[in-house]
Amino acid sequence: MSKKGILILFVVTVVVIAAAGLIRSPSRNGGQPVQGAYFPELLEQSNKVGKVVIKDGNTATTIVKEGDQWVIAEKGNYPASMDKVRELVLGLARLQRLEGKTSNPDLYAKLKLDDISNPGSTAKLVQLMNSPEQSMAVLLVGKEKQIQGNSSRRQFYVRSPGDPQAWLVEGSLPKMEGATAWMEASIFGPDTGQIRAITVSTAGESWTVARESPESEVYALDAVAAGEEIESQYAINQIARSFADLTLENVRPVSTAGDGALNTRVIAVTFDDVRFVLDVNKEAEQYYGRIRAEYMPPGEPEDSVAKNVKRWNELWQSWEYELKDYQVESVIVPRQNLIKADSDTATEQ
């Protein structure tokens, strides 16, 4: 065989061997799959998760399942958002490996994957445990990779603690901030009911807005005198909307609450005869509120409305809520701000 033929045969042989190696080797990086689920067994085991721990260099958040409810240990066992916990657990279970990245510790910080014990680390460590507190999954989550032109896909750099190999993965994970971010933000949840009337009592005055039926979207201000003209129908309607949409910024136990006077009271009544009483005070430019619910008249023990009232009060009685200022100020707006300043003058002319 000629030298040229031998050379061609050698090249073909090398290519065939290399191709065979690729076909036979479905994994790399120490035998770990290049693609596929990062935690292959977690999806089937996800209903066994009983504890979630999220840590960074400064804080730790511990979320524990108690019966059908998730609670936040660092917030006195205040309820966590079940949707957000579910998003985290299923998000981890569905993470897909895309490709192996660096295994050089000197490059971890660039991907925000250095150990959280390192000064200045910005990595997040998340761990899932079952009820006996055995670890089911643990992961360092680092930098999110931006994908131009496709906002529906999210990619992250991750690494398992103790494993030098970093990975690029694809999936969906919630923002893993401090304990407050994991609370159920809505004061009422989806069961507030339709508000019939709201009465605000503050600074020596009291006024009410009300509507005639659940179908009506327009609230009327009570006791509008001759010559008075409403400044903004939107502002009046927004009183009820803002009350129903109240969300918390934080909570503190009533036993540790400040001494500020509860100097504003808001009473909201729904069409299904629930009466909400919200007492508001202000400390250092921050609004705080305590709330309770009453059922008028009391329902039967199996009445769904009565059950909601009982559930609300069992939660609310122990807490004072740090409220969003723009929501509170949309509810307790002074009556004079609801009336045009020149109403009387215009009438006289």
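Before moving on, here are some points about what is shown:
- All positions within region 201-227 that are over 23 Å from residue 264 (Cβ atoms), touching a Phe, Trp or Tyr at 6+ places or on another chain (Cβ under 9 Å) and not small (Gly, Ala, Ser): 214
- Single residue of region 77-116 satisfying the filter (in a helix (DSSP H, G or I) and touching a helix residue (DSSP H, G or I) at 6+ places or on another chain (Cβ under 8 Å)) that is nearest to residue 156 (Cα to Cα): 92
- Once region 205-229 is narrowed to residues that are part of a strand (DSSP E or B) and touching a residue at least 60 places away in the same chain (Cβ under 8 Å), the residue that is nearest to residue 194 (Cα to Cα) is 221.
- Beta carbons closer than 8 Å, at least 6 apart along the sequence or on distinct chains, pair a first residue in region 122-148 that is on the phi > 0 side of the Ramachandran plot with a second that is in a strand (DSSP E or B) and among the small types (Gly, Ala, Ser) for 133/50.
- Just so you know, in region 159-200 the residues that are over 30 Å from residue 96 (Cβ atoms) and without any contact (Cβ under 8 Å) to a residue 24 or more places away in the chain include one that is nearest to the chain's Cα centre (by Cα), and it is 189.
- Residues in region 300-325 that are surrounded by fewer than 17 Cβ atoms within 10 Å (Cβ to Cβ), in contact with an Asp or Glu (Cβ under 9 Å, 6 or more places away or on another chain) and more than 20 Å from residue 250 (Cα to Cα): 304, 306.
- Candidate set from region 164-182 (those that are open to solvent by 10 Å² or more (accessible area, probe 1.4 Å) and not in a loop (DSSP other than H, G, I, E, B)); member that is nearest to residue 60 (Cα to Cα): 179
- Restricting region 106-130 to residues that are among the small types (Gly, Ala, Ser) and open to solvent by less than 60 Å² (accessible area, probe 1.4 Å), the residue that is modelled with the highest pLDDT: 123
- Any hit, region 117-124, residues being in a strand (DSSP E or B) and polar (S, T, N, Q): no
- Answer residue from region 239-254, given it is of a type in the set (Val, Ile, Thr) and not in a helix (DSSP H, G or I) and is nearest to residue 325 (Cα to Cα) among those: 247
- Selection count, region 274-284, where residues are among the acidic types (Asp, Glu) and modelled with pLDDT under 90: 1
- The condition of being open to solvent by less than 30 Å² (accessible area, probe 1.4 Å), out of contact with any helix residue (DSSP H, G or I) (no Cβ under 9 Å at 6 or more places or on another chain), farther than 30 Å from residue 73 by Cβ and not small (Gly, Ala, Ser) holds for only one of 237, 281, 263, that being 237.
- Of the set (1) open to solvent by less than 60 Å² (accessible area, probe 1.4 Å); (2) in contact with a strand residue (DSSP E or B) (Cβ under 9 Å, 6 or more places away or on another chain), all apply to residue 249 but (1).
- Subset of region 255-296 (residues that are part of a strand (DSSP E or B) and over 22 Å from residue 313 (Cβ atoms)): 282, 283, 286
- Taking the listed residues 187, 198, the one that is in contact with a helix residue (DSSP H, G or I) (Cβ under 6 Å, 6 or more places away or on another chain), open to solvent by less than 40 Å² (accessible area, probe 1.4 Å) and closer than 30 Å to residue 306 by Cβ is 198, with no other qualifying.
- Just so you know, in region 39-76 the residues that are part of a loop (DSSP other than H, G, I, E, B) and without any contact (Cβ under 8 Å) to a residue 12 or more places away in the chain include one that is least open to solvent (accessible area, probe 1.4 Å), and it is 67.
The values are calculated or read from the model by the stated rules, or taken from the named source; none is laboratory data. All values reported here derive from a predicted model rather than from experimental measurement. Every residue, glycine among them, receives a Cβ derived from its backbone with ideal geometry; neighbour counts consider all protein chains shown. Side chains are part of the model used for accessible areas, which takes the heavy atoms of the whole protein and leaves out ligands, DNA and RNA. Shrake-Rupley method; radii C 1.70, N 1.55, O 1.52, S 1.80 Å.
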